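Chemist: Please read through the structure below; I'll follow up with questions.
The values are calculated or read from the model by the stated rules, or taken from the named source; none is laboratory data. The structure presented is a predicted model; accordingly, all values stated were derived computationally and were not measured. A quick note on method: Cβ atoms are made from the backbone with ideal geometry, for glycine too, and the neighbour counts reach across all protein chains shown. Surface accessibility is based on the protein's heavy atoms, side chains included, excluding ligands, DNA and RNA. Shrake-Rupley method; radii C 1.70, N 1.55, O 1.52, S 1.80 Å.
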Amino acid sequence: MLGAHEAHELSELLMSCTNSIQSMGLFLEQAQDIELKNMIAAHFEVHIQDYNMKVEYISQAMSRDQLNVPGLNLNPIMPAGGMNVQPVQPEVKLSKLDDRAIATSYLLTLKRAGREYAWAAFETSTPQLRSFLEDAFRMCSHQSFEVWQFMARKGWYPVVQAPVSTMKTLQQTFQPVPYQHEPYQQQTTYQQAPYQQQANPHQAPHRYQ
């Protein structure tokens, strides 16, 4: 059985997931950029799996499935810092979203969902559910990184390097700890013997009536 707080977290996450799936379906219909469309399509299946696993948890308090967390690209091709970012102005009247609006909305959807998964994991006491929510957070983290890379290359997201002066200030402020790791000596646990009062040769023995 799940706790009441876990059921509440799943309810909120299911509503969030419903919104994500429906938004992704709309994005796939309206996206014109082939790379953007293919990226969202590649992400879509795991979001369906994620939703169905939540449904299993609310009906069975468990899931036999394992979320297919996408890998993280550790060698991304990123634009050089200082590139020109295309200006943007919110549209107050529109009948459909352009590719930049789709990418922005999708990125923010992933970021929001990721924060919700992380918070829910901290509040979960069922180990399997906690592990699933951690996987769902990593799913959103890895996918949002891919979307961010795409937007940065397009000039839709600013890429600004930290000033050298800022980094020097931080380096001067925070110094490394002179610490050498030593193997931790495991403490032996033992059960303390019951307390026994030592006899006092100068004290008269107790007499019980």
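Chemist: Among the candidates M39, M62, M24, single out the residue that is in contact with a His (Cβ under 7 Å, 6 or more places away or on another chain) and not β-branched (V, I, T).
Modeler: The match here is M24.
Chemist: Among the residues of region 85-126, write down those that are within 30 Å of G3 (Cβ to Cβ) and of a type in the set (D, E).
Modeler: The answer is E116, E123.
Chemist: Only one of L74, L14 is exposed (fewer than 14 other Cβ atoms within 10 Å of the Cβ) and free of Cβ contacts under 8 Å to residues at least 60 places away in the same chain; which?
Modeler: Criteria check complete, one pass: L74.
Chemist: Another question, if that's okay. Report, by residue number, each residue of region 27-59 that is within 18 Å of A101 (Cα to Cα), among the hydrophobic types (A, V, I, L, M, F, W, C) and exposed (fewer than 14 other Cβ atoms within 10 Å of the Cβ).
Modeler: I34, A41
Condition check ((1) basic (K, R); (2) more than 20 Å from N19 (Cα to Cα)) across all residues:
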{"site": "R112", "(1), (2)": "yes, no"}
{"site": "D135", "(1), (2)": "no, no"}
{"site": "S144", "(1), (2)": "no, no"}
{"site": "A152", "(1), (2)": "no, yes"}
{"site": "G155", "(1), (2)": "no, yes"}
{"site": "K168", "(1), (2)": "yes, yes"}
{"site": "Q171", "(1), (2)": "no, yes"}
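Chemist: Out of V92, V88, I need the residue that is open to solvent by 80 Å² or more (accessible area, probe 1.4 Å), in contact (Cβ under 8 Å) with a residue 40 or more places away in the chain, farther than 15 Å from C17 by Cβ and out of contact with any His (no Cβ under 7 Å at 6 or more places or on another chain). Which one?
Modeler: V88
Chemist: As an exercise: evaluate Y117 against (1) more than 19 Å from N19 (Cβ to Cβ); (2) crowded, with 18+ Cβ neighbours inside 10 Å and give the number of the one condition it does not meet.
Modeler: It is condition (1) that Y117 fails.
Chemist: Still on this structure: Collect the residues in region 118-139 that are closer than 23 Å to L107 by Cβ and of a type outside the set (A, V, I, L, M, F, W, C), keeping them in residue-number order.
Modeler: Our first condition is that a residue be closer than 23 Å to L107 by Cβ; within region 118-139, this holds for 118-121, 133-139.
If the condition is that a residue be closer than 23 Å to L107 by Cβ and of a type outside the set (A, V, I, L, M, F, W, C), then E134, D135, R138 are the ones that fit.
Chemist: Filter region 142-174 for residues that are under 30 Å from Q32 (Cβ atoms), open to solvent by 50 Å² or more (accessible area, probe 1.4 Å) and of a type outside the set (V, I, T) and give the result.
Modeler: F145, E146, W148, R153, K154, Y157, P158 - these are the residues of region 142-174 that are under 30 Å from Q32 (Cβ atoms), open to solvent by 50 Å² or more (accessible area, probe 1.4 Å) and of a type outside the set (V, I, T).
Chemist: Which one is modelled with the highest pLDDT, of the residues in region 60-119 that are in a loop (DSSP other than H, G, I, E, B), under 14 Å from R153 (Cα atoms) and not aliphatic (A, V, I, L, M)?
Modeler: Per the stated criteria, the residue is Q86.
Chemist: Also, I was wondering about something else. Report, ordered by the first and then the second residue, all pairs with beta carbons closer than 7 Å, sequence separation of six or more or different chains, a first member in region 149-172 that is closer than 25 Å to V88 by Cβ, and a second member that is modelled with pLDDT of 95 or more and of a type in the set (G, A, S).
Modeler: F150/A103; M151/A103; W156/A103
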